[in-house]
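Here's the structure, in structure tokens; my notes come after.
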Amino acid sequence: MKLTEITIRHLQMKLKSPFATSFGTLENRDFLLLEAKDESGTIGWGESVAFRAPWYTEETMMTNWHMLEDFLIPLLLNKELQHPDEVRDTFSPIRKNNMAKSAIEGAVWDIYAQQTNQSLAAALGGKSEQIEVGISIGIQPTTDDLIQLVHGYVKEGYKRMKVKIKPGKDVEVIRALREHFPDLPIMADANSAYSLKDLDTLKQLDEFNLMMIEQPLASDDIIDHAKLQKELETPICLDESINSLEDARKAVELGSTKVINVKIGRVGGLSEAKKIHDYCAEKGISVWCGGMLESGIGRAHNIALTSLPNFTLPGDTSGSDRYWEKDIIAPEVIANNGYITVPKKAGIGYEIDREAVDAFTFSKKHYR
Ligand code: OSB
Ligand code: MG
């Protein structure tokens, strides 16, 4: 396979409801969509999960465009590839910029799966026919709003709730939620809003039998997380701190994390995500697939990855209708009673709704 043509599009999709985290509130999802064609005319799709602003990690939609245009696309166009794993090696001279790398690597995996006539899940070695998913809920104006929302999602069949926390919106919010839902699997995601100075607050969370607490400390830390884990009964799950297999190894060896949230974009692509999965399986560390408020295309990649056997905990990839009035794939992703069926069709397994893609496109550029 050899990529001969690539199109980058900037899309903007309005979220059904604003998503608030410890670092800010998002109303519109701006992102880059990549369409790649190989010499035989097969088309593959990838999504950059970088946001408009660098609050989750340092990458942004526009740094991704720059990296793709000036470095990554020139390295990949017209290069003969036997397997998508070679994309990772091709990009190895370029440091970091993982979301940019992942966007184009995802399109290569899609093409490879189509050409070997298998689903993306099967191409990755995934076996599950369905995956269990949960919901990630942003910070709500009031605790009553949160409880009402959770009631709704529990009714829809979602079996695990992740709630965002930040200083001042933590212990009492979780206490109220736990009182209302004594047996519900609940976890909390702090997106790096705390430091070791907040040890007392974080220790109070041990009372509520949380499945885990996600990324309580700095986004680039594994040392303080190891100290914190020694003080907490609740398992720590790292998100922002893990950007590669090497990061995962160091965090596991230090005891900084008992669970890893794997995001394809954050770690630089499906090949690296699979390596982290395999390493964690060997070490007895559970993994789950995180979400980045993706459109259907990124969502399809997440579903395929989650079909690997060590994704034993429900992920954040819920149905399209939880985010969008209208998604850009057909059929849309449907979660039934908290489960999503892994598509069997070749490639990412969903059709691209080009009319919808065009409707959400602000600008685009072709590379050949
Ligand atoms: O920390 O997992 C996170 C969304 C944007 C940025 C970071 C995170 C999240 C989520 C939402 O938690 C996951 C989703 O529903 O896609
Ligand atoms: Mg997180």
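Table for the structure above
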read-out: Scan of region 221-251 for residues that are assigned to a loop (DSSP other than H, G, I, E, B) and out of contact with any strand residue (DSSP E or B) (no Cβ under 7 Å at 6 or more places or on another chain), ordered by number; value: 221, 222, 232, 233, 240, 241, 243, 244
read-out: Residue satisfying all of: in region 63-103; more than 25 Å from residue 116 (Cβ to Cβ) and buried (at least 20 other Cβ atoms within 10 Å of the Cβ); nearest to the chain's Cα centre (by Cα) among these; value: 99
read-out: Test: residue in region 181-190 that is within 16 Å of ligand 1 (Cβ to nearest atom), β-branched (Val, Ile, Thr) and surrounded by fewer than 21 Cβ atoms within 10 Å (Cβ to Cβ); value: yes
read-out: Pairs where the first residue, in region 145-163, is crowded, with 16+ Cβ neighbours inside 10 Å and the second is part of a helix (DSSP H, G or I) and aromatic (Phe, Trp, Tyr), C-beta under 7 Å, 6+ apart; value: 161/153
read-out: Single unsatisfied condition, residue 150 versus (1) away from ligand 1 (no atom under 14 Å from the Cβ); (2) out of contact with any strand residue (DSSP E or B) (no Cβ under 6 Å at 6 or more places or on another chain); value: (2)
read-out: Near pairs, Cβ below 6 angstrom, 6+ apart or cross-chain, from region 171-197 (closer than 15 Å to residue 207 by Cα and touching a residue at least 40 places away in the same chain (Cβ under 8 Å)) to any residue that is aromatic (Phe, Trp, Tyr) and away from ligand 2 (no atom under 13 Å from the Cβ); value: none
read-out: Out of 291, 298, 349, sole residue that is assigned to a helix (DSSP H, G or I) and surrounded by 18 or more Cβ atoms within 10 Å (Cβ to Cβ); value: 298
read-out: Selection status of residue 138, within 16 Å of ligand 2 (Cβ to nearest atom) and in contact with a Gly (Cβ under 8 Å, 6 or more places away or on another chain); value: no
read-out: Filtered residues of region 304-320 (kept if out of contact with any Gly (no Cβ under 8 Å at 6 or more places or on another chain) and within 16 Å of ligand 1 (Cβ to nearest atom)); value: 311, 313, 319
read-out: Condition met for residue 256 (touching a Pro at 6+ places or on another chain (Cβ under 9 Å), in contact (Cβ under 8 Å) with a residue 12 or more places away in the chain, among the hydroxyl-bearing types (Ser, Thr, Tyr) and more than 12 Å from ligand 1 (Cβ to nearest atom)); value: no
read-out: Within region 235-247, considering residues that are within 15 Å of ligand 2 (Cβ to nearest atom) and touching a helix residue (DSSP H, G or I) at 6+ places or on another chain (Cβ under 7 Å), the one nearest to residue 317 (Cα to Cα); value: 238
read-out: Index of the failed condition, residue 211 passing every other in (1) closer than 16 Å to residue 192 by Cβ; (2) away from ligand 2 (no atom under 12 Å from the Cβ); (3) buried (at least 20 other Cβ atoms within 10 Å of the Cβ); value: (1)
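Read the figures in this text as sums done on the coordinates, not as results from a lab. Keep in mind the model is a prediction, meaning the values are calculated, not measured. Virtual Cβ from ideal backbone geometry, glycine too; neighbours counted across all protein chains shown.
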